[in-house]
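Engineer: There's a structure below that I have some questions on.
The values are calculated or read from the model by the stated rules, or taken from the named source; none is laboratory data. Just so it is clear, the model here is predicted, and its values are computed rather than measured. Quick reminder, even Gly has a Cβ in these numbers, built from the backbone with ideal geometry, and neighbours come from all protein chains shown. The accessibility values were calculated without ligands, DNA or RNA, using every heavy atom of the protein model including side chains. Shrake-Rupley method; radii C 1.70, N 1.55, O 1.52, S 1.80 Å.
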Number of protein chains: 4
Amino acid sequence: MSSEIGNMLHLSVFGESHGRGVGAVIDGLPAGEPIDLDELQRFCDRRRPGSSHLATARCETDVPEFVSGLHAGATTGFPLCFLIRNADVRSGDYAGFTDTPRPSHADFTAAVRYGGHADMRGSGHFSGRLTAPLCVAGGIARQLLARRGVLVGAHLRAVGDVEDKPFDSRHLDGRELTAPGERSFPVISEEAGRRMQELIERVRAEGDSVGARVECAVTGLPTGLGSPMFDGVENRLAAALFGIPAVKGVSFGAGFDASRMRGSEHNDPFVMCDGRVTCSKNDAGGVLGGITTGMPVVFEVAFKPTPSIGMPQRTVSLSMGREVDLEIQGRHDPCVGLRAVPVCEAVAAFVMLDLMMEGDANGTVRNP
Amino acid sequence: MSSEIGNMLHLSVFGESHGRGVGAVIDGLPAGEPIDLDELQRFCDRRRPGSSHLATARCETDVPEFVSGLHAGATTGFPLCFLIRNADVRSGDYAGFTDTPRPSHADFTAAVRYGGHADMRGSGHFSGRLTAPLCVAGGIARQLLARRGVLVGAHLRAVGDVEDKPFDSRHLDGRELTAPGERSFPVISEEAGRRMQELIERVRAEGDSVGARVECAVTGLPTGLGSPMFDGVENRLAAALFGIPAVKGVSFGAGFDASRMRGSEHNDPFVMCDGRVTCSKNDAGGVLGGITTGMPVVFEVAFKPTPSIGMPQRTVSLSMGREVDLEIQGRHDPCVGLRAVPVCEAVAAFVMLDLMMEGDANGTVRNP
Amino acid sequence: MSSEIGNMLHLSVFGESHGRGVGAVIDGLPAGEPIDLDELQRFCDRRRPGSSHLATARCETDVPEFVSGLHAGATTGFPLCFLIRNADVRSGDYAGFTDTPRPSHADFTAAVRYGGHADMRGSGHFSGRLTAPLCVAGGIARQLLARRGVLVGAHLRAVGDVEDKPFDSRHLDGRELTAPGERSFPVISEEAGRRMQELIERVRAEGDSVGARVECAVTGLPTGLGSPMFDGVENRLAAALFGIPAVKGVSFGAGFDASRMRGSEHNDPFVMCDGRVTCSKNDAGGVLGGITTGMPVVFEVAFKPTPSIGMPQRTVSLSMGREVDLEIQGRHDPCVGLRAVPVCEAVAAFVMLDLMMEGDANGTVRNP
Amino acid sequence: MSSEIGNMLHLSVFGESHGRGVGAVIDGLPAGEPIDLDELQRFCDRRRPGSSHLATARCETDVPEFVSGLHAGATTGFPLCFLIRNADVRSGDYAGFTDTPRPSHADFTAAVRYGGHADMRGSGHFSGRLTAPLCVAGGIARQLLARRGVLVGAHLRAVGDVEDKPFDSRHLDGRELTAPGERSFPVISEEAGRRMQELIERVRAEGDSVGARVECAVTGLPTGLGSPMFDGVENRLAAALFGIPAVKGVSFGAGFDASRMRGSEHNDPFVMCDGRVTCSKNDAGGVLGGITTGMPVVFEVAFKPTPSIGMPQRTVSLSMGREVDLEIQGRHDPCVGLRAVPVCEAVAAFVMLDLMMEGDANGTVRNP
């Protein structure tokens, strides 16, 4: 396999940046689930190029055509396939990279892996454009989850070294969770957002780019989802999140900070709250032993800076076998993390819905 | 599924801490691979309790019995099953945790997930003891990899805020890679090692524990392994590594630091070196677009502090539905990261061997 | 999962009979494999409605649009998606079957399985139309196999009780294997073919239908493909073949006849032939212990008679909860087996290519 | 993969005939399911050598040791591993077959597949002994199914050309279903049983063997299990059943006979019965469109005659590259079908439990 993921709910993603289109098949959706296409489009629009002047200037309407699996406004139980046509394609922008691979891009590894046969125009199947079908799939999953009281939200936790406030993972209501995603710039603190935007503007003006971190949370989950050792919540989310282009790290709860703590500091006493067992701090990010605690699942995703920058760079010519200068034209996001916010939500929604379906099958999802 | 992982090479782990034993089935090993049992034992001994006065006092010889799949010193091609009997079991130490779940442990989530039926003596299937079969499986994979020129090594990158030197991921030879694992304390810098040991001694004396980071690298890999979007090297390693108890974060190359960088700083020009295409810095950790670059694959794993500490803690009594005091007796590692060093190597070896086998099947693994 | 199959090579089929179209994603194809689209179309045309006056009168050109994974006439290594639009749709013909399920059809089980939400117009995802994407996928696999010396052929072994000659599975050359498929009526014996056509004409005139058996063979396979116990050649082919609508039985070699034989009669001595080890009779159908012997893989597939017949039948009205009369209009094949001949070839080609790729990964495919 | 099967419920079988033992891991069993070990042993004893004078004289007590996953008489939710030690091993009986492969056995294909490294003593992992762990796994599944009103039974439908009466698949109560398995000779008609035993005695006296057919049925299933196209009931059962050694054909309901019928004869009108929708005849064997109808699932499995016969045979010497005579000593069943009756039940029980668990996850299993 390769561009496929999921156990009960199976996603198969296809398409290239400058081919006919991108899309996916979702196999295993329950039948009879209404899908609100307007709401879905609004969600997908959050990642669309052109939705922000801070992102690439490529213009795509990105309206999915539903080929199968959707009838009379609801899922049929048959495999759901959708297709998003590519419209605004300028392959000339990318003509040369097969021979002179862009630094920190997949041009070189793709050339080796696919023996030069891959359609790498516009980065091919490695393009950020492949996050469009992830958003459609995850946007569908979000609707099923919301109907079951499970909400997914994310925000830009940091751009370079400018940090947003973190989610309050102990007391996180639906409003706080989803508000950042509804803003034109997806942060909690408007002040932090302003500084992030300034930074992105600045690196763009310099022909440079900058990395980012996205924090994502899922609330309303039942206790008891996930199956250790290798089908736990963390394994499953990480396996999926590393499928988003430019992701270089994934952590849960206190994450890498936990590695610097004492047990007495990190440990999180159980307490009673409204008659339910809950954690004091949720440092575990909602997962203990791979299984949901019933508190919000909270994780961070680290994005490297966009490798396509306007500045001159060095690379090699594969045909000549020697080093050459490279200047990348084309339209690129100065910060991939910005548009990745809804993509992280989408991937999380898909994985959590899959885990919910498995939880039903296990027949053991309940708070004691 | 749950305690299973792998595509071509499939691992199925079983066992509980205080039951009859632990073990695994490995299905898909090539036939005719000699296994040096002495070397395997030496590798497994690196994680064994009792191998260091800094670890738990539980004493197990941990010699696997090979039930199937191994004949005349070599793999047969049939499923390989091994069993490690539990010997030194003191279940009384853990009697009470079903009702009063230890903070930041899986006691509570297991109680919900398995409806109170799980055999949680000694933490059951969540115990660090389950890393013993991971080491046997990975130790076998290491031997197959070594025969193909692929080496795996790891070291304690940090204990709390005491840091070891990182691997030089640009120029990493086999000697530098494997030396830390052969030391009694697995670090590069002896000075850092001394300070880590002092820290571990100190937290143990205080009845406390401390988190850690492990850095692991794999050298000698061909270019072109891994299949994006979801079967890339990062997806597969992360999915497996989060199966090790206490892991809360996984990152590749510059990892979370990449999120703070500019593209001009992070980008890694391709250069020619001895007639081969290679990267200048290996900030990508050996993976671009989910596919190996041919440089060392380098990743970090964050471990939380051992949740079982000697200090008094608060938790709830599930039966009484109210908060109570808890004091944990028993034998515990003050720093799980220490014994996790060979475990990370084992998991990485298993995953990389699986990816090598798939690479053969793809028929496209070559440097152009 | 549901409409997905394959290990190294993964097929995900989608679409409904009267929706927008049908298609599939093939994930895992090697890169750089030329695909001859004319040859592919000729193969697909063998199952197309309208290709024979003995089949349904529905007229579809069935030309796949390749959305991804194919570039400059060859596979790219990225997921290959194709779409076949539905054109000649008369849903009115099927309007009533949601309430009055057709006997021996999936109308009733689909109503229960999908809670009445499935788009069952034209039988939805259960329609024989779903064999069109199987033919495209298998037709692509056929071209890769042929390039490696592996050929796939099939013929109508029987229609009702009219039997064709079986393949000579001991000495089966490419010519004999593929000749039936190239004829307008896919049989070995023209005389048998004439009698079968008469029978089909007769049952059609009576408003009835008739069952059939298809015999399929694969030649040129290496010895050593397949992994017992559950990934053997027979397991894998059977799992896929039962995905073809109307299949009720699958057997290999002597099949059910073997159950009536003595060992001394069925046993098949090994002999030397041109310096190679081979079997005397190939009663095993090319598979021993789930692994290819190097002789042709030969199997039979039993098709039930088309359940949609013109004669009046009895069924129940689900809404009224009582028995009612039913008359089925619409266009139906009087013998599904006829058009199933290339479909069996297609499914066999896909599975055998997957097994070949796994065999490469095992690294053990050779004749000693 | 190879010796593994299952979606929600995953089975991994290991062991060789003359190694240390055989066994399996079952991953995914629900927690808290009581297992009656005496009942399990009685079920397993039905396939044990020594249980009939018509079977091999090899004597094994076949009592599984439960290594993990079972605690206080019930499943824990953790992976369940059991081990059956090999006791009565006479490897000398099989010494020569690596060089002179037995006709119609896996000796030759295993030699190629595993490059001569497989431990083929006693047929290794291909041995009928591997059906012992299938019976334990299936015996456990039977108990979970029985608790949910689902019963599994089988009988010897034929030995050579001596036929037993078929199950009445339209009206099949639990008593009729399970009675044959409780008899010393598993048939419906005692008269047929007598003639079968005479035939088996006769072929054994002649140093020969004979094939057989097993008919198996599952009652009490809900309507709506199974997911077409490739995860239907037939796909899943067939994939598993072909893992039983010596199986050469699998068919459902009218099976191959359906291929000789007219639609008007085979079609099965829906009728109301006690307020429920049901079929008149159950010619479909309880499955339409890959989904259970709510009627008994009924299938037949064809077993070839035991290839190990006492009569002299011809084969080749792989080392000499020429044909030689072969005489097989050792203890062999003259009719593998006899002991295969409980094995078919076991495999069916395992697959159906897996499908039941998936059905819960789909959330759509109900009779409208």
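Engineer: Among the candidates D:Val233, D:Val271, D:Val218, D:Val250, single out the residue that is within 7 Å of another protein chain (Cβ to nearest Cβ) and buried (at least 24 other Cβ atoms within 10 Å of the Cβ).
Structural biologist: Residue meeting the stated conditions: D:Val250.
Engineer: How many residues, within the stretch A:167-190, are more than 28 Å from A:Met357 (Cα to Cα), more than 18 Å from the chain's Cα centre (by Cα) and open to solvent by less than 90 Å² (accessible area, probe 1.4 Å)?
Structural biologist: 2
Engineer: Restricting attention to the stretch B:304-346, and to residues there that are without any contact (Cβ under 8 Å) to a residue 24 or more places away in the chain and facing chain A (nearest Cβ under 7 Å), which single residue is surrounded by the fewest Cβ atoms within 10 Å (Cβ to Cβ)?
Structural biologist: Among those that are without any contact (Cβ under 8 Å) to a residue 24 or more places away in the chain and facing chain A (nearest Cβ under 7 Å), it is B:Arg322.
Engineer: Which one of these does D:Arg366 not meet: (1) open to solvent by 10 Å² or more (accessible area, probe 1.4 Å); (2) at pLDDT 95 or above; (3) within 12 Å of chain C (Cβ to nearest Cβ)?
Structural biologist: Against the list (1) open to solvent by 10 Å² or more (accessible area, probe 1.4 Å); (2) at pLDDT 95 or above; (3) within 12 Å of chain C (Cβ to nearest Cβ), D:Arg366 comes up short only on (2).
Engineer: While we're looking at this one, here's another question. What number of residues within the stretch C:247-279 satisfy the criterion of being part of a loop (DSSP other than H, G, I, E, B) and over 30 Å from C:Ser127 (Cα atoms)?
Structural biologist: 7
Engineer: Quick check on the stretch C:282-291. Is at least one of its residues more than 8 Å from chain D (Cβ to nearest Cβ), open to solvent by 20 Å² or more (accessible area, probe 1.4 Å) and not in a strand (DSSP E or B)?
Structural biologist: The answer is no, given that none of the residues of the stretch C:282-291 is more than 8 Å from chain D (Cβ to nearest Cβ), open to solvent by 20 Å² or more (accessible area, probe 1.4 Å) and not in a strand (DSSP E or B).
Engineer: Something else now. Kindly indicate which of B:Gly290, B:Gly275, B:Gly263, B:Gly285 is within 16 Å of B:Thr223 (Cα to Cα) and touching a Pro at 6+ places or on another chain (Cβ under 7 Å).
Structural biologist: Exactly one residue qualifies, and that residue is B:Gly290.
Engineer: Here's a follow-up. (1) under 18 Å from the mean Cα position of the chain (by Cα); (2) surrounded by fewer than 24 Cβ atoms within 10 Å (Cβ to Cβ); (3) among the basic types (Lys, Arg): which one isn't true of C:Arg148, the others all being true?
Structural biologist: C:Arg148 satisfies every listed condition except (1).
Engineer: How many residues are out of contact with any Phe, Trp or Tyr (no Cβ under 9 Å at 6 or more places or on another chain) and within 19 Å of A:Cys344 (Cα to Cα) when one looks only at the stretch A:181-210?
Structural biologist: 7
Engineer: I need a count of the residues in the stretch C:10-37 that are in contact with a Gly (Cβ under 6 Å, 6 or more places away or on another chain), under 21 Å from A:Gly116 (Cβ atoms) and not in a strand (DSSP E or B).
Structural biologist: Going through the stretch C:10-37 one residue at a time, the tally reaches 3.
Engineer: When you look at B:Asp360, is it in contact with a helix residue (DSSP H, G or I) (Cβ under 8 Å, 6 or more places away or on another chain), open to solvent by 10 Å² or more (accessible area, probe 1.4 Å) and modelled with pLDDT under 95, yes or no?
Structural biologist: Yes: the conditions hold for B:Asp360.
Engineer: Find the residue count for the stretch D:3-12, including only residues that are touching a residue at least 60 places away in the same chain (Cβ under 8 Å) and either buried (at least 22 other Cβ atoms within 10 Å of the Cβ) or at positive phi (or both).
Structural biologist: Total satisfying the criteria: 6.
Engineer: Further, regarding this structure: Which ranges mark the strands (runs of 3 or more DSSP E) fully within the stretch C:60-171 that have 1 or more residues being at pLDDT 95 or above and hydroxyl-bearing (Ser, Thr, Tyr)?
Structural biologist: Here the list reads C:65-68.
Engineer: Another question, then. Does B:Gly243 count as in contact (Cβ under 8 Å) with a residue 24 or more places away in the chain and more than 15 Å from B:Phe299 (Cβ to Cβ)?
Structural biologist: no
Engineer: Hey, can you tell me all the residues within the stretch D:153-172 that are hydrophobic (A, V, I, L, M, F, W, C) and closer than 18 Å to D:Val247 by Cβ?
Structural biologist: D:Ala154, D:Leu156, D:Ala158, D:Val159
Engineer: Would you mind stating whether D:His117 is within 30 Å of D:His18 (Cβ to Cβ) and not basic (Lys, Arg)?
Structural biologist: Considered against the rule, which asks whether it is within 30 Å of D:His18 (Cβ to Cβ) and not basic (Lys, Arg), D:His117 comes out as yes.
Engineer: Taking into account only those residues within the stretch D:73-84 that are hydrophobic (A, V, I, L, M, F, W, C) and farther than 14 Å from B:Gly115 by Cα, which is surrounded by the most Cβ atoms within 10 Å (Cβ to Cβ)?
Structural biologist: Only one residue tops the list, namely D:Cys81.
Engineer: Moving on. All but one of (1) closer than 15 Å to A:Ser209 by Cβ; (2) under 20 Å from the mean Cα position of the chain (by Cα) hold for A:Phe299; which doesn't?
Structural biologist: (1)
Engineer: Being at the interface with another protein chain (Cβ under 7 Å from one of its Cβ atoms) and either without any contact (Cβ under 8 Å) to a residue 60 or more places away in the chain or of a type in the set (Val, Ile, Thr) (or both) is true for just one of A:Gly28, A:Gly32, A:Gly15. Which residue is that?
Structural biologist: Unique residue meeting the criteria: A:Gly32.
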